[in-house]
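The values are calculated or read from the model by the stated rules, or taken from the named source; none is laboratory data. In this text the structure is predicted, and so the values were computed from the model without any measurement. All Cβ positions, glycine included, derive from the backbone under ideal geometry; neighbour counts span all protein chains shown. For the accessible areas, the whole protein counts, side chains as well, though only heavy atoms, and no ligand, DNA or RNA atoms are used. Shrake-Rupley method; radii C 1.70, N 1.55, O 1.52, S 1.80 Å.
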Amino acid sequence: MRDADLLRRTLGRIDGRGYKAYKDIQGVYDFPGYTLFVDHVQGDPFAAPSRLRVRVPAARAGFPAELFSVDVRRVAVEDYLTRAFAAAISRFARGHRGSGKSGIIAVDRPGQEILERTSAVVTESWVEIRFVMGLPAAGRRVLGQEAVRMFYDELPRIVEAALLYRSLDAAALRRHVDVAEDQEHLRGQLREMGLVAFVADGAVLPRESGVSDRPLRGPKVVPFRSPAELRVTVRLPHAGEVTGMGVPAGVTLIVGGGYHGKSTLLRALERGIYNHIPGDGRELVVTVQDAVKIRAEDGRRVEQVDISPFINNLPGGQDTRAFSTEQASGSTSQAANIIEALELGAGVLLLDEDTSATNFMIRDRRMQELVAKSREPITPFIDKVGQLYRERGVSTILVVGGSGDYFDVADTVIMMDNYVPQDVTARAREIAKRFGQGRQAEGGGSFGPVTPRSPLGESLNPRRGRREKVKIAARGLHTITFGSENIDLSAVEQLVDESQTRTIGDALYYAATRYFDSRTTLREALEKVMGDIRRGGLDVLSPFRGQNPGDYAMVRIFELGAAVNRLRSLKVRQRHEG
Ligand code: ADP
Ligand code: MG
């Protein structure tokens with residue numbers, strides 16, 4: 001390890017020289033109170049900024065061990081430190097100066113969720129933060145004195161304010177950790193209670209706007225209030241006894257008039273797979289972790305998915321047991337999305353009429369009369385949703401304001417009325433009895449096969465040309481550039497953070513080079529990836545291993561699989577049992 005003063009001397013020496021001279025500062029420095037790692041120096045002021053780490057010894061950082069005694073608590077502390085570091089940057093960094101990215105200091109920016117990330121690492125021995133710096137330049141000349149300011153003036157203050165326990169708001173940190181642990185605990189209890197989701201009384205579900213994930217505030221907000229019939233009480237480690245609505249396993253409908261809060265409830269349940277920060281309003285809106293949002297996605301590619309449980313006898317005689325298309329329709333895309341989710345082990349499907357294909361959802365008596373079953377390729381979801389639960393144990397939560405035909409297949413019916421849920425199951429049953437809908441069930445005797453597929457590794461090519469370098473990048477939340485392709489994830493609605501998108505891009509490459517061998521199924525391969533991540537942390541995915549990426553965030557197998565399935569070059573082999 002080098003003396004901190006050496007960095008100052010080097011910066012003085014290279015002042016005014018060409019930008020490449022900055023490479024000389026790469027290395028590890030012993031600063032008062034912490035170690036500075038200059039892991040990767042950018043080659044140009046306009047390139048991606050330089051990657052650095054600061055590591056504070058545990059004795060100096062001073063965090064009580066019980067704050068990170070178990071995974072969920074450690075993750076919450078790391079999340080809190082990342083936020084504190086970002087706040088300290090805003091306070092103490094002077095910001096942009098010079099050309100390109102000169103002068104910036106930045107760390108990953110968490111949103112409303114508490115996700116496992118690589119931006120901060122807390123161990124028994126030290127606390128580490130990973131961040132980037134734009135090393136300052138005038139044109140392409142080193143601005144050594146500005147760099148000295150960043151390293152000796154700004155950074156020490158940021159570290160002091162964000163990484164020492166005594167500088168932080170201890171009560172807020174504890175709340176952050178406790179809230180995360182309560183959510184994790186609750187999520188783990190749901191199945192035993194016969195539930196797939198829980199929404200606490202008093203929760204705030206609506207968001208500030210269509211582009212903001214922060215809670216709606218003000219007098220218009222109607223806090224959540226559970227209907228008596230579905231009210232359950234849970235005991236949480238920190239919040240104690242909490243009441244709320246339990247959504248039972250089985251088929252659940254969310255009905256109600258337009259604009260009464262149906263989609264808002266479903267969206268909160270979609271996000272209930274994540275732990276939320278204190279003040280979010282959804283701290284105790286929790287869904288089992290294998291719940292997957294399903295929607296129509298016309299235009300997507302599909303590679304050899306067995307959609308025969310839903311689609312048969314397509315015009316032109318296309319085989320729907322190994323259905324491929326460059327451009328799926330609304331209904332075939334929705335069918336493929338469901339089968340792919342089941343293939344990866346989904347335990348709950350979440351659907352909203354707003355984003356579903358109507359002909360996939362319903363086919364009423366009159367239409368059955370006019371268009372004979374032999375002329376309709378689609379078996380509607382209404383005839384399959386019950387089989388899914390009875391045969392495969394897969395529950396569904398479904399928003400339908402437009403079709404009472406679903407009353408016949410529902411176990412629970414929740415009506416949203418001015419944003420307040422009511423249990424109308426009994427009434428819906430009675431209505432179903434009184435007004436028979438007279439339609440023929442078209443689902444056959446059983447759900448049908450979910451046929452696993454094995455990806456061919458060579459069909460994932462992250463290079464643009466044979467000799468080119470690997471090119472994988474997240475571009476915003478919804479796009480991954482993978483070699484010469486762009487993967488469109490805009491219909492993958494449980495993706496919430498661009499750092500997840502980045503993680504998925506690198507995980508695809510990792511999976512393709514290690515586990516996609518044309519025999520291993522997609523699910524087995526991705527489970528291996530998830531296992532490697534559990535053991536070695538998200539760092540294992542980095543193609544720049546040893547350089548400690550600070551901008552990965554945890555994803556589920558479902559989002560990983562969704563990206564594989566949307567790759568336009570993907571080739572698979574179906575695996576038939578026996
Ligand atoms: P639906 O799906 O029933 O048509 P939405 O869920 O889209 O209705 O909600 C309609 C509007 O009401 C949205 O602008 C939403 O933000 C708002 N909203 C939903 N729930 C609440 C609530 N509990 N309090 C206040 N506003 C809400
Ligand atoms: Mg809606």
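Overview of results
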| read-out | value |
| --- | --- |
| The range 360-372, residues that are open to solvent by 10 Å² or more (accessible area, probe 1.4 Å) and either under 24 Å from Glu391 (Cα atoms) or of a type in the set (Ser, Thr, Tyr) (or both) | Met361, Ile362, Arg363 |
| Yes/no for Glu241 being outside any strand (DSSP E or B) and either open to solvent by 20 Å² or more (accessible area, probe 1.4 Å) or over 26 Å from Pro449 (Cβ atoms) (or both) | no |
| Selection from the range 440-487 of residues that are of a type in the set (Val, Ile, Thr) and in contact with a Pro (Cβ under 7 Å, 6 or more places away or on another chain) | Val470, Ile472 |
| In the range 262-293, residue most open to solvent (accessible area, probe 1.4 Å) [restricted to those that are within 16 Å of ligand 2 (Cβ to nearest atom) and over 14 Å from the mean Cα position of the chain (by Cα)] | Thr264 |
| From the options Glu527, Glu559, Glu498, Glu493, residue that is under 20 Å from the mean Cα position of the chain (by Cα) and open to solvent by less than 30 Å² (accessible area, probe 1.4 Å) | Glu559 |
| Candidate set: the range 507-523, residues that are more than 13 Å from Val564 (Cβ to Cβ) and in contact (Cβ under 8 Å) with a residue 40 or more places away in the chain; chosen: the one least open to solvent (accessible area, probe 1.4 Å) | Ser518 |
| Filtered residues of the range 355-377 (kept if among the polar types (S, T, N, Q) and under 18 Å from Arg295 (Cα atoms)) | Thr355, Ser356, Thr358, Asn359 |
| Strands (runs of 3 or more DSSP E) fully within the range 178-237 counting 1 or more residues that are farther than 30 Å from Arg74 by Cβ and modelled with pLDDT of 95 or more | 207-209, 231-236 |
| Single residue of Gly436, Gly444 found to be without any contact (Cβ under 8 Å) to a residue 12 or more places away in the chain and either small (Gly, Ala, Ser) or open to solvent by less than 50 Å² (accessible area, probe 1.4 Å) (or both) | Gly436 |
| Matching option when the condition is in contact with a helix residue (DSSP H, G or I) (Cβ under 6 Å, 6 or more places away or on another chain) and either within 21 Å of Leu351 (Cα to Cα) or more than 12 Å from ligand 1 (Cβ to nearest atom) (or both), among Arg282, Arg187 | Arg282 |
